1. Could the peptides 115-123, 79-87 be put in order, highest first, of the mean number of other beta-carbon atoms found within 10 Å of their residues?
2. Picking from Gly95, Gly114, Gly133, which is most flexible by a Gaussian network model of the chain using Cα springs under 10 Å?
3. Counting only heavy atoms of the protein chains, get the accessible area per residue of the chain (1.4 Å probe) and round it to a whole Å² value.
4. Would you mind checking which residues have amide H under 5 Å from Ala126's amide H? H placed 1.01 Å from N; only 5 or more apart, or other chain.
5. Taking only the alpha-carbon atoms of segment 19-96, what semi-axes of the equivalent ellipsoid follow from 5 times the gyration tensor eigenvalues under a square root, in whole Å, largest first?
6. Which distance in nm do the two modelled labels at Glu124 and Asp48 give, with both placed 7 Å along the Cα-to-Cβ direction?
7. Given the options Thr138, Thr19, Thr105, which has the most mean-square fluctuation in a GNM of the chain, springs set between C-alpha atoms less than 10 angstrom apart?
8. Using a cut-off of under 17 Å, list every residue of segment 37-63 whose amide N is near the label point 7 Å from the Cα of Asp21 along the Cα-to-beta-carbon line.
Amino acid sequence: MARFANLTPSFLVVGPVETDDNRDNLRGYALDVSQQMGHPTTYATHTDYSVTDFAAVFVLGSVTELRDASTLVLVGEALAAGIPVLEPQGPQAAGRCDDCGQAQTIRTVTDEYGDTLCATCRGEAACAWCGEGADESTMLVENGATWIPAHSGCARAVLPALV
């Protein structure tokens, strides 16, 4: 895998993986996390990850409802290492970015004035290749089990087989 300028923070998404539908749901949730948080996001279909390589672990569903062994192992490792384990916010907390209109279903963030802003409008999202701020040309590229935000030019130049 290519080295990226902005791998920190990056996120790990865990959840049920027993069936193809479970894995598809996990993949889709990881896409939402990457899009809304503005950073590379990996979805875990096995336990071969070091949770300390990630800024946070997002759980698809509630931690108390997890039954999948690999997911429980990763959540336990994250908790033991002090890595934040984040459950989905409730639908009542969802919102839209006041600047660009992006849906905020993963983590709705408001500024000191009460305005809801997405990661891009807050200036927290960046191209994982060049490290510069995300803009309207930023796209998500899937590389293995990781969604990577990158400017369209960077993605075409560096990961042409993926775009």
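1. 115-123, 79-87
2. In this elastic network of the chain, the residue with the biggest mean-square fluctuation among Gly95, Gly114, Gly133 is Gly114.
3. Value for the chain: 51 Å² per residue.
4. Ala134
5. Computed over segment 19-96, the values are 19, 15, 14 Å.
6. Each label point is offset 7 Å from its Cα along the Cβ direction, giving 3.2 nm.
7. Taking springs between Cα atoms under 10 Å, the residue moving most is Thr19.
8. The answer is 61, whose backbone nitrogens lie closer than 17 Å to the label point.
The values are calculated or read from the model by the stated rules, or taken from the named source; none is laboratory data. This one's a predicted model, so the numbers in the text were calculated from it and none came from an experiment. Here the Cβ is made from the backbone with ideal geometry for all residues, glycine too, and neighbour counts use every protein chain on show. These area figures cover heavy atoms from the full protein model, side chains too; ligands, DNA and RNA do not enter into them. Shrake-Rupley method; radii C 1.70, N 1.55, O 1.52, S 1.80 Å.
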